[in-house]
Every structure is written in C-alpha cells, then in structure tokens.
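Asker: Supplied in structure tokens, the structure appears directly below.
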Amino acid sequence: MKKFKKSYIRIVSVLLITIMSLSCFPFFSSASDNDGKWVSAWSTSPVDVSTSGLGALDQLGVCLSYMTSRIVIEPTISGSAIKIRFSNEYGNSSLKIGECTVARTQKNNRAIEKNTVVNVTVNGKKNFTVPKGKIVVSDSIPFNVIAGQKLSVSTYYKGANVFKTIGLIGGHSYVSVDNLTKTEVIKGLELNYTADSGSYDVIPTITELDVFASPDSKTCVIFGDSTVDNEVPRYFAHILRGKGINNVSVTQAALKGNRLLEDGVGLLSNLLGDSALKRFEKDVLSQAGIDSVILKIGVNDIVHPYCASKKDKLKPVTLEQMQAGYNQLIEMCHNRGVKIYICEIAPWRGYTRNMLNKNGDVFWNEEIDKLRIDANDWLAGSDCKADAYIALPLLADPTDPYSILPAYTTDGIHYTEAGAMVLAQSIPVQFFGAVTETKNHIKKN
C-alpha cells in the first residue's frame, strides 16, 4: 500500500511542483457535408484526481492557473475535421479556458509545427468555460487528420482553476506557466510516472478526440483494466491499417485496478474508477461511431479480495456474479447494435502486487485461480452470448500455463511492450473486415 500511495503522490505532486516552480496543412472542408461520419479517434477514461477516505480533504483537487497543458495524442483514423471533448465531470467549480489550439506534433513531442496551428472554439469563442460536473464538446474544427500522425492539443487555463478530472493513459503531457498554446516548444514539466503496472500519463480535462471520417467508418473501443491500459489500442490500430483496414478507429477506455463488479476501495479508490458496470455507458457506448468493444477485465475481481491491503474491504466473488456482470455488458452492447468480443483472463502466477512490503500483497494459489479458469471456460462456451471469445495462448509460458511468459510481463500480470504487441496480434483482424486465418479465437454462432 505504501508503494501505491507513493505512486499517487508522485502523480499529483508533478502538477503541484509545476505550479509552484513555474507536415500537412489543415484541410479546410465542411464537416456538415453528407459524405462523412463522426467517429472517436482517441480517448482516455477520466478519473477523480482527489483522494478518498480523508473526510473533508476528499474534495481537494489540483490547482492549474495561468498555465498551459500540451497533450500529445495519436488519432487512429484519418479525416477532415475534429471535435474535442472537455470533461469537468468530477469538478466542484468551473474550469476557465483562455485558449486552446491543435497542431501537428514534431518528432520531439514537446514541439509543434507552427504552420498547422488552429484554434479550438466552443460556440465560436476561443475562450470558454467547462461548468462543474459537465462535459463540453468543441465546435467542428477543419483539420486534415492522418491516422498514426500525432497531434498536440494545447490548453491555456486562465484565472484560478481547480480541476479534479484527469485521464491516466493514452498521451504525453507537459505543463508550463503562461499561454503557450501557439509556442513551438513547451519547456515545462512532463506529467509522467512509470511503475511495474505501466505508465501513468496525467491528461487534464481532454477525454476524447472525434474525427469526421469516411461514411463507412466505425469505432472499436478497447475496454478493461491495467492489462489493456497500455499501447495495445495503438498497436492494434497499426495492425489494422497494415491489413488495409483504414475505416476502423481503435480507442481506449481502460483503468488500472478497475474491476467488473465493484468500484475501487480504499484511500486511493478514485484512481481505480467506478466498476465496469457503472462506467460502461459513459466511457464506451457514448463514444462517437461506436461499433464494437474488445473487453478484457475480471482478474482484479478475482485477485483483489485476497490482497492483504484490501482485507475486510472486499468479499470474494462467485462465478455466477461474474457471469451476471459480463451478461449485463453484453446486453448493453447488443441493445445498441454494438458487437462485443471478450478476451481471456490471462494467467497471473508470480504476481504479488508488491505494495505493502518486499513480501508482496497477494500470492497465487490454485484455489484462487480456479475462478479464473472457470470464468474463461464459460466465456468460451455457448452459454456466453458475446460475439466472440479471444483466447491468448501466445502470452502463456509453455512450461507453466498458470504464468505469463517472462519476456511478456513486468511483474507476472502486466505486460512489457512485447507482451502488449502479442496481445494486439491476438485480436482477429477479420472481425473488422479482413479475411485472415486464426486459431486463437472462438466465433460465437
């Protein structure tokens, strides 16, 4: 727990310390034409940056005043215009944005191509407010977006602002004093922290980038926990484009520590997010152009009740409870005409969630792991009405089926870059238009 507290403190301190210390041209076409469609091209799931369990201090946020954040993101589909979603859903006060721009990113993530800078407006205004508890979507901004080419969204927060809504994955962020929205290079602090569980990239306010793309375009959202809270969406988008599938964007809605059935618990529970059941509508089904979901969640429901740091806060779940949770997500998708493909819950022997001390927080045993095996058997069977089950045999150690191959994991459960790539390669591309043989999935009838 001490290690996790330090991780959280470092994330928030990055912002506090900063406060104290401190090649294509836009293609101008109308997004109102009838020859296109709005789809989500990038996303991150927001969480509440404030603490929990500290009484009156729970409502504290992070001050971001007279400062610019530059967020570098990678759209996964091409198009001729953009919209940006600004979220203040956890805020206790309005956010005052003095100016916001978007531009192409140079090879140096801190730098933009100045001749591509355009202003982002809301109701035609360059300065606007995001009310507390609300989401604001920008006007349609003409811009030639190319899939895989990074964009920089630079936002100047004017006046006194306290924000609580952040993303923790999917971009690279920098913060510096003054209005630097049109400055070529930002020299402020990088908002990044790396742990065994992956990289934390603090992303203030921005939660979605929509692109006006071709009429047959569609969005696939990769949803889940820390096992897909990494580069898997961008890797898979690259794989699709390599197969000639250019009309599918791949976005991200994953949270470290997230569970299928229950919200996060404990002092830092806000960072673990609401349960998948609670946040699925907001984080997934509300995305523009949603057509399909790749779901990978469940291991935290199995493991967390046996963690010493969560003793007396969680009860072990049953197979029937997990089945009911998956069925609810499946039904939500199918009621909206959205396909859902569910990934195997991968092995985790060797993972100790080393947070309390050097001896770890939890230890694998066959009794705990039986639920994972039973859940996978059900997900792969005909009783589960998901559109497909995606098995992940390439991640497993061939000498130990209860473990991930060492080259693919950082700590027994989270993935190295090589492991994330293997996971992305395990997703059958034919689900999205290509005809390719595969042996690692079961298509439902």
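The values are calculated or read from the model by the stated rules, or taken from the named source; none is laboratory data. This structure is a prediction, so every number in the text was calculated from the model and none was measured. We place every Cβ from the backbone using ideal geometry, glycine too, and count neighbours over all the protein chains shown. Keep in mind that these areas ignore ligands, DNA and RNA; they rest on the heavy atoms of the full protein, side chains included. Shrake-Rupley method; radii C 1.70, N 1.55, O 1.52, S 1.80 Å.
Asker: For the structure I just gave you, tell me whether residue 116 is farther than 21 Å from residue 168 by Cβ, out of contact with any helix residue (DSSP H, G or I) (no Cβ under 9 Å at 6 or more places or on another chain) and modelled with pLDDT of 90 or more.
Answerer: So residue 116 fits the description; yes.
Asker: List every residue pair whose Cβ atoms sit under 6 Å apart, with the two residues 6 or more apart in sequence or on different chains, where the first one lies in the stretch 92-105 and is farther than 18 Å from residue 129 by Cα and assigned to a strand (DSSP E or B) and the second, anywhere, is of a type in the set (Ser, Thr, Tyr) and open to solvent by less than 10 Å² (accessible area, probe 1.4 Å).
Answerer: 103/116; 103/152; 104/116; 105/152
Asker: Still on this structure, please answer the following. Say whether the condition of being assigned to a helix (DSSP H, G or I) and over 17 Å from residue 249 (Cβ atoms) is met by at least one residue in the stretch 283-296.
Answerer: Keep residues of the stretch 283-296 that are assigned to a helix (DSSP H, G or I), which gives 283-285.
Those left that are additionally over 17 Å from residue 249 (Cβ atoms): none.
No, the stretch 283-296 contains no residue that is assigned to a helix (DSSP H, G or I) and over 17 Å from residue 249 (Cβ atoms).
Asker: List the strands (runs of 3 or more DSSP E) that sit entirely inside the stretch 119-238 and contain at least 1 residues that are under 26 Å from residue 93 (Cα atoms).
Answerer: 128-130, 135-137, 151-157, 165-167, 172-177, 192-195, 198-201, 206-213
Asker: Please pick out the residue among 370, 439, 358 that is at pLDDT 95 or above, over 24 Å from residue 246 (Cβ atoms) and loosely packed, with under 15 Cβ neighbours inside 10 Å. Steps first, please.
Answerer: Values: 439 fails: at pLDDT 95 or above; 358 fails: at pLDDT 95 or above.
Just a single option satisfies the conditions, and that option is 370.
Asker: Checking the structure you have, find out if any residue of the stretch 154-175 is open to solvent by 50 Å² or more (accessible area, probe 1.4 Å) and either on the phi > 0 side of the Ramachandran plot or at pLDDT 95 or above (or both).
Answerer: No, the conditions are met nowhere in the stretch 154-175.
Residue-by-condition table, conditions (1) touching a Ser or Thr at 6+ places or on another chain (Cβ under 7 Å); (2) surrounded by fewer than 16 Cβ atoms within 10 Å (Cβ to Cβ):
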| site | (1), (2) |
| --- | --- |
| 307 | no, no |
| 311 | no, yes |
| 326 | no, no |
| 336 | no, yes |
| 339 | yes, no |
| 347 | yes, no |
